[in-house]
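*Asks:* Here it is, the structure, as structure tokens.
Each reported figure results from applying straightforward, stated rules to the coordinates on display, with no laboratory input. Model, not experiment: these values are computed from the prediction. Positions of Cβ are generated from backbone atoms using ideal geometry, with glycine treated the same way; all protein chains shown enter the neighbour counts.
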Amino acid sequence: MSRYWGDGCYSQPTISELKRKSEASRVSAEKKGKRLEPAVIQGRNIAKSWWGRAWCNNRE
């Protein structure tokens with residue numbers, strides 16, 4: 001069974017699969033010399049554009 005929309009069915013990846021892919025992505029980025037850091041939000045605003053602010057307001 002395909003995991004994509006080709007056959008009209010999509011299966012959710014398992015937690016272990018997501019963790020494995022995340023770890024592989026992290027290792028690959030570090031090998032390329034990229035430094036991964038968490039996103040830090042200062043204050044309350046996380047969006048700068050009018051569209052982003054409208055989307056955040058709608059989510060609240």
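*Asks:* Scan the range 17-34 for residues that are among the small types (Gly, Ala, Ser) and within 16 Å of the chain's Cα centre (by Cα) and report the count.
*Replies:* 4
*Asks:* Tell me, which residue of the range 35-60 that is surrounded by 10 or more Cβ atoms within 10 Å (Cβ to Cβ) and in a loop (DSSP other than H, G, I, E, B) is farthest from the chain's Cα centre (by Cα)? Let's see the steps before the verdict.
*Replies:* First, the residues of the range 35-60 that are surrounded by 10 or more Cβ atoms within 10 Å (Cβ to Cβ): 45-47, 52-56.
With the extra rule that they be in a loop (DSSP other than H, G, I, E, B), the set shrinks to 45-47.
Numbers: ASN45: 19, ILE46: 16, ALA47: 16 Å.
Top of the filtered list is ASN45.
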